Each structure stands twice: as C-alpha cells, then as structure tokens.
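Each reported figure results from applying straightforward, stated rules to the coordinates on display, with no laboratory input. Source: prediction; values computed, not measured. Heads up, the Cβs are rebuilt from the backbone with ideal geometry, glycines too, and the neighbour counts pull from every protein chain shown.
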C-alpha cells in the first residue's frame, strides 16, 4: 500500500513519502501482528520502531518537536513498558529508563539543588560513544 501511494505521487501525501513513515508502518505492523497472534515476542521491536519513526518524523516536520538525545532512552523505556503489559518482563527497567530520561530531558529546568543531573547529562552527551563501548564490552564479558 505504501509503495502504491508513493507511485501515485499524490501531492497531498508528499509528506508521507519518507523513510521515517516506513519505520512507523513497520513498527505498527509488528504491533498489530503481536496482538493479533497473541505472540508478544515482537512487542518491544514494534513499539521501539513505531516510537522512533514518530520521533524522527516529528523532528523533520514540526518546529516544536523536542530534539534531545534523552528521547531515545525514553522510547526504549516506553517499549519495555508496552512489552511488560503483556509479558510481565521488563516493567521495572522501562519505568526506570523512562523516569531517568524525563529527568535528563528537563534537567535544565530543575532547581539548583538538582544541577548535578544537568551536569551528568552533559557528560553523557559528550562521552556517549565510550559509554556504549563500555556497556558492550560488559555485556560480552557477562555470562
């Protein structure tokens, strides 16, 4: 259907001819498939792709959209919570990740008492590649 509409090249749908919309469609398909077959293994994947697609679409089309790296862990946390609603696995991780992400996103608006959160956020923003490499090594070494 997506490729048919794209082939018709209707001007009213020109905003929908992007790879971000394809991410939204694939994520939505994963979600629908998981709920219809009652096989909830792909709920996390579907929710993550759907959320990522919506976020990237919003960045490209709306000036008011939040452009902060903390959105990506929030999307991941939301995907954990959506999966946990059916599988009872990962709820705590999802809530923790979402809460920390919201604190990081709005850390510049916190009082001086919580200024350390903004400083930590700035450090993570600077050194995130090294942090990801460290997490990857830790996961490889973990049994």
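One table, with the values for the structure above:
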| item | result |
| --- | --- |
| Computed E for residue 132/residue 85 - FRET, C-beta separation, R0 25 angstrom, nearest 0.05 | 0.35 |
| Residue with peak Gaussian network fluctuation, the chain [Cα springs, cutoff 10 Å], from 123, 78, 47 | 123 |
| Residue with peak Gaussian network fluctuation, the chain [Cα springs, cutoff 10 Å], from 106, 74, 48 | 106 |
| Degrees between helix 43-61 axis and first principal axis of the chain (Cα, 0 to 90, nearest 10) | 90 degrees |
| Among (i) 61; (ii) 72; (iii) 67, the entry that matches percent of Cα pairs over 20 Å apart as calculated here | (i) |
| Angle between the chain longest axis and helix 71-87 axis [Cα atoms, degrees, rounded to 10] | 70 degrees |
| Mean residue ellipticity (222 nm) of the chain, computed from DSSP H runs ≥ 4 via -39,500 (n - 2.57), nearest 500 | -24500 deg cm²/dmol |
| Segment 60-143: relative contact order in percent, alpha carbon pairs under 8 Å with at least 6 residues between | 22 percent |
| The chain: relative contact order as a whole-number percent, Cα under 8 Å and 6+ apart | 15 percent |
| Translational D in µm²/s for segment 31-97 (Stokes-Einstein at 4 °C, 1.567 mPa s, Kirkwood Rh from C-alpha pairs) | 104 µm²/s |
| Fluctuation leader among 23, 130, 56 - the chain, Gaussian network, Cα springs under 10 angstrom | 130 |
